[in-house]
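Okay, structure first, notes after.
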Amino acid sequence: MDYPLWIPGIGAGVLIGLVAIAHVLVSHFAVGGGIVMAVVETLAVRRQDQAMRNLAKRTSLILILVSTVFGAISGVGIWVTIGLLHPVATSALIHSYVWGWATEWVFFILEVATALAYYATWDKVRPRTHLLLIWLYAFAAFMSLVIIQGIISFMLTPGNWLESKAFVDGFFNPTYVPGLVLRTGICVFLAGAYMAFAALREQDQAARVRLVRFLAGIQVVGILIAYGGYRWWEAALPESIRALFLGASPKLAALASTRHFLLWMLAAYFLLVLFALLAPKAQRWPVTAVALLLAFAFFGGYERLREGARKPFIIRDYMFSNGVLISEIAKLNQEGILSKARWLMVGQPDEPVAKGRAVFRAQCAMCHTENGYLGIRKLVAGADPETLDLILTTMREEGDTYVSGQYTVNSHVATENLNYPFMPPFVGTEEEKEALKTYLATLTETKVAEVRHGN
Amino acid sequence: MATNLMPALDPAPIPGPVWLFHLLWVVTFLVHMLFVNVVLGGSLLATFAGSSRREVQSFFVNANSWAISFAITFGIAPLLFIQVLYGRLFYTATILVAGSWLGMLGLLMVGYYLNYVAKFRLQKGKGVGISLPLSALCFVLIALIQVMVNLLHLQPSRWEGVWTQAKSALADPTFFPRFLHFLLAALAMAGALAAYVAVRRAKTQGQTAELTDMARLGVKAALYTSVVQLLVGFWLLLALPSPVLSAFMKGGAATTLPLGLGILAGIGLLVVLAGIREPIAEGTKVRRAMEFLVGAVALMIITRHQLREAYLAEWQPLAGAQVVPQWGIFLVFLVTFLVGVGLTVYAMYKAATDKPQVGEPAA
C-alpha cells in the first residue's frame, strides 16, 4: 500500500500461483525423494540388492537437478514474487519469523551440500558414508518442511498469535501439525510416484516387479498418511472456515467442488496404486503417468483449497490481500486510502477518474485485472451507476462490520456471513468512493463503445 | 523528491538487536560473495580460456555445479537480514525494476542448467559449445541487475524519477564503475583460484603441461584485472556523491581503516602477483596472493556496508523502530547453526576421505 505497485499482465494471483505450484511440486518431491531414497539404498545395502541400488542411483541425478537447482531457485522465486506483490505482508512475516527462516536456511545448507556430495560419490566412498549422506539429506530436507509449514499454516490459521503476537503461538498454530502430517504423506507418495518411472527402466523382469511393488507399497503408505492428515486438517479448521466448503450447504460452491475434486483424485490415485501393488507385472508407463498426474491433482487441489479458504486475507483475520489491516480500516476511512498509497498518484492529474484508478490499483488490482483473470471490465459490464454505487456502498459497509466485530469471535472473523466473503471491504473516504465509481463507470462505457464500434 | 514516498516503517518490532542483524548480514554476505566471485569470474574466465584449455574449463564447470548452489543458498541469509532492517528501501527498489528483478531468477535458472549442459558435454569429450558463454552471460546480467537494485535502495531520491521513467534505473554516475569493480574482482578471484588449484593438483597428481598452463593463465588473469581494478576502485571512490564521500570519511578509523587496509591488500596482491615467474614452482606465493585477495574482498565488503550507512544517513531508515528480541528462537537458530555447520563439515569430510580400499565394496 505504501509501495509503488507492480502488477504483471497475467494478474498478481496467477503469477504467485504459477511460481508457487512449480515450487511446491518440486520441493515436496525433494523432501519425499530424500526419505524414500534413503530407505531404498539402506535396503539395497542390507539385502545386497543391485536393482534397488540402481533405482537410487538413477533417481539421484534428477534429485539434485530438481532440488538443488529448480527447488532452490523457485524457492527464492516465491520469496521474490511475494516481496514484489505483497511487500507489506512479506515484511510482516519477516518481522515475526526471521529467526525461523534463518533456522530453515541452516537446513538448506546441509541439504544442498549432502545432495551434491551424494550424487558425486557413487562408486567412490564406502557404503556407510553414502548412506550417511542420504540420511542427512533426508533429515535436512524434512526439517525445512517442518519449519516452512509453521509459516504457511500460520497464514491461514494464525490462532492465538492474533492476540499475543508471539512466535510460538503463530508457529504452532491450530493447523500446523495436521498440515505437516498431510504434507509428509504427499512428499512420500510424490517420490514413490516419480520413482515408479525409474523402476520401469529396470531390465530384469523379476527385479522390475519387485521394485514396482515396493514403490506401490511406499505410495500406499504415503496416501494413507496424507488422507489421515487431510481429514485432521479439516477438523482443525475454525468452524467458519469449514463452513465455506463443508457441510450440507457450503457457502462457497467453488471451494466445495475443489474439495470433492481433490478427494476423488486421491481415491482414483489410490486405486491405480493398488493395481500396481496387486499386478506389478502389468505395470506400464502410461498407468504410472496417470497415477503421477492424479497425485499432482490431489496436491494442487489441496493447495487451491487452502489458498481459497484464506481469501480475502493474506494473513487470515489480520491483513487483507491488498495489504490493508483490519485494525486500520477506521483510520483509512477517515484519512483516505490515497493518504497511504501515495505512490499511485505520482504524476497523475488531480481529477476523479485518475483518482479512481489509483484507488482501484491500491485496493482491487491485487485480485482484479482489467481484462484477464477476474477482469473488472467483465464484472462491471452493463452495471449502471446505481448498481456500482450499491456494490461499493455494500463493500464499504462491510468494513464497518469488520470494525464493529459483529461476526468476530476470538479474533476470528466469520467471513461467510458477509455479502462478499471473497473480497476485502472497500476502505477510503466518501470522495474516494465516488472517484472509484467514476472510474469503474468509464470501464462500463468503453465496453459499450467497443461493442458499438464492432457492430 | 517528495519525502513522503518513503513507505512507513513496519509496525512490528525488530526481533533482535540491530547490531546482530548487521553482523549476520555482513558475515553471510561475505560467504555469498566468495561463491558469487567463483561463479561469475569462473564462468567468464573459462569462456575466455577457450576450448583448447580443457583443464581450466572443466575445473570451473565442475566447481560451478557446486558454487552456484552455494552462492544461492548463502544469498538467502543476507536477503532475510536486509528485509528485517531495510525492508522498505529494498522492496521499493525491487518493485521499481520488478521485471528485471523477477527476470533475474530466470537468468539464474538458465545459467545454472547451461552449466550442467557444459559439464555433461565435457564429460562426453565434446567441446562446451555456446553453453558456457551463455551461462557466463546470464551471470553477468544478474550482476548488473544486482548493482542496479543496490544503487536504487541506497538512494530514495532517485525513486520518483525511476517510477516515471524506467530507463533512469541505470542512470547513476557510480553505476558503471561499481559494476566494473565487481566484475574485475570476480575475474581476479577466479584467476587466483585457478592458479591455486593448479599448484595443488601438480603437487598431488604430478605436474603436466596443462596444469602449468592453467596456473600461468590464472596468475595472468588475476594480475591484469587487479591492475585495472586499482584504477577503477579510485574512479568509484571519486564518483561517489560528495555528501556520501564526506560522511564516509568523517567516520574516522571505523570507516577509513577497513577501506585503507582493503586498498593495501589490493596493492599487496599486485606486488605478490607481479613477483611470480613460474606459478607451479612458486606455490607459496600463489597461496599468499589468494590470501590477500580474500582479505581484500572481506574488507571491501565491510566498506560496502558502511557506505550504505553513509548513503542512507539522511533518511534515518530505522528512526522510531522498536526492538523486541526473540531470544528463545534466536537460540534455536544459533544451536541449529552450530550443529548444522558441524554436520555439513563432517559429511563433506567423510565424503572426501572415506574411500574404499582395493577389493572393498563401494557405494
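Restricting B:I280, B:I267 to residues that are at pLDDT 95 or above, assigned to a helix (DSSP H, G or I) and farther than 18 Å from B:L45 by Cα narrows the list to B:I267.
Considered as a group, the residues in region A:122-143 that are over 20 Å from B:P356 (Cα atoms) and more than 7 Å from every other protein chain (Cβ to nearest Cβ) include one that is surrounded by the most Cβ atoms within 10 Å (Cβ to Cβ), and that residue is A:Y137.
Report yes if A:R361 is more than 23 Å from B:T164 (Cβ to Cβ), surrounded by 16 or more Cβ atoms within 10 Å (Cβ to Cβ), in contact (Cβ under 8 Å) with a residue 24 or more places away in the chain and among the charged types (D, E, K, R), otherwise no. The answer is no for A:R361. Scanning region B:317-338 for residues that are assigned to a helix (DSSP H, G or I) and open to solvent by 60 Å² or more (accessible area, probe 1.4 Å) yields B:W327, B:L331, B:V332, B:L334, B:V335, B:F337, B:L338. Taken over region A:338-355, the criterion of being hydrophobic (A, V, I, L, M, F, W, C), in contact with a Leu (Cβ under 9 Å, 6 or more places away or on another chain) and within 18 Å of A:F426 (Cα to Cα) is satisfied by A:L338, A:A341, A:L344. Screening B:L151, B:L122, B:L211, B:L144 for residues that are open to solvent by 30 Å² or more (accessible area, probe 1.4 Å) and either among the aliphatic types (A, V, I, L, M) or not in a helix (DSSP H, G or I) (or both) leaves exactly one candidate, B:L144. The residues listed here are B:A12, B:A77; of these, the one that is within 13 Å of chain A (Cβ to nearest Cβ) and surrounded by fewer than 21 Cβ atoms within 10 Å (Cβ to Cβ) is B:A12.
Taking region A:107-121 as the range and being buried (at least 23 other Cβ atoms within 10 Å of the Cβ), facing chain B (nearest Cβ under 7 Å) and over 23 Å from the mean Cα position of the chain (by Cα) as the test, the residues that pass are A:L110, A:V112, A:A113, A:T114, A:A117.
The residues listed here are B:V341, B:V358; of these, the one that is assigned to a helix (DSSP H, G or I), of a type in the set (V, I, T) and out of contact with any strand residue (DSSP E or B) (no Cβ under 7 Å at 6 or more places or on another chain) is B:V341. Per the listing B:A363, B:A296, B:A289, the residue uniquely under 30 Å from A:T129 (Cβ atoms), touching a Leu at 6+ places or on another chain (Cβ under 9 Å) and surrounded by 19 or more Cβ atoms within 10 Å (Cβ to Cβ) is B:A363. Tell me yes or no: at least one residue of region B:266-274 is in the same structural domain as B:L193 (by TED's automatic domain parsing), without any contact (Cβ under 8 Å) to a residue 24 or more places away in the chain and open to solvent by 30 Å² or more (accessible area, probe 1.4 Å). Yes, there is a match, as at least one residue in region B:266-274 is in the same structural domain as B:L193 (by TED's automatic domain parsing), without any contact (Cβ under 8 Å) to a residue 24 or more places away in the chain and open to solvent by 30 Å² or more (accessible area, probe 1.4 Å). Elements of the type helices (runs of 4 or more DSSP H) sitting completely within region A:1-94 and holding at least 1 residues that are more than 9 Å from chain B (Cβ to nearest Cβ), closer than 25 Å to A:I223 by Cα and touching a Cys at 6+ places or on another chain (Cβ under 9 Å): these cover A:12-47. Sub-7 Å Cβ pairs linking a first residue in region B:230-245 that is farther than 9 Å from B:P177 by Cα and assigned by TED's automatic domain parsing to the domain that holds B:R178 to a second residue that is β-branched (V, I, T) and surrounded by 16 or more Cβ atoms within 10 Å (Cβ to Cβ), at least 6 apart or interchain, are B:L240/B:T174, ordered by first then second residue.
For (1) within 15 Å of the chain's Cα centre (by Cα); (2) within 29 Å of A:R357 (Cα to Cα); (3) open to solvent by 30 Å² or more (accessible area, probe 1.4 Å), each residue gets a yes or a no:
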site: A:I7; (1), (2), (3): no, yes, yes
site: A:L15; (1), (2), (3): yes, yes, no
site: A:F29; (1), (2), (3): no, no, no
site: A:Q50; (1), (2), (3): no, no, yes
site: A:N54; (1), (2), (3): no, no, yes
site: A:I62; (1), (2), (3): no, no, yes
site: A:I73; (1), (2), (3): no, no, no
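The set of residues in region A:144-171 that are in contact (Cβ under 8 Å) with a residue 12 or more places away in the chain and within 12 Å of chain B (Cβ to nearest Cβ) comprises A:S144, A:V146, A:I147, A:G150, A:W161, A:K165, A:F167, A:G170, A:F171. Taking every residue in region A:204-216 that is farther than 14 Å from A:A56 by Cβ and pairing it with any residue that is open to solvent by 60 Å² or more (accessible area, probe 1.4 Å) and outside any helix (DSSP H, G or I), at least 6 positions away or on another chain, the pairs with Cβ-Cβ distances below 9 Å are A:R208/A:R201.
The values are calculated or read from the model by the stated rules, or taken from the named source; none is laboratory data. Every value quoted in this text rests on a predicted model; they were computed, and no experiment measured them. Reconstructed Cβ throughout: ideal geometry from the backbone, glycine too, with neighbour counts over all protein chains shown. Accessible surface is based on the protein model in full, side chains and every heavy atom, while ligands, DNA and RNA are left aside. Shrake-Rupley method; radii C 1.70, N 1.55, O 1.52, S 1.80 Å.
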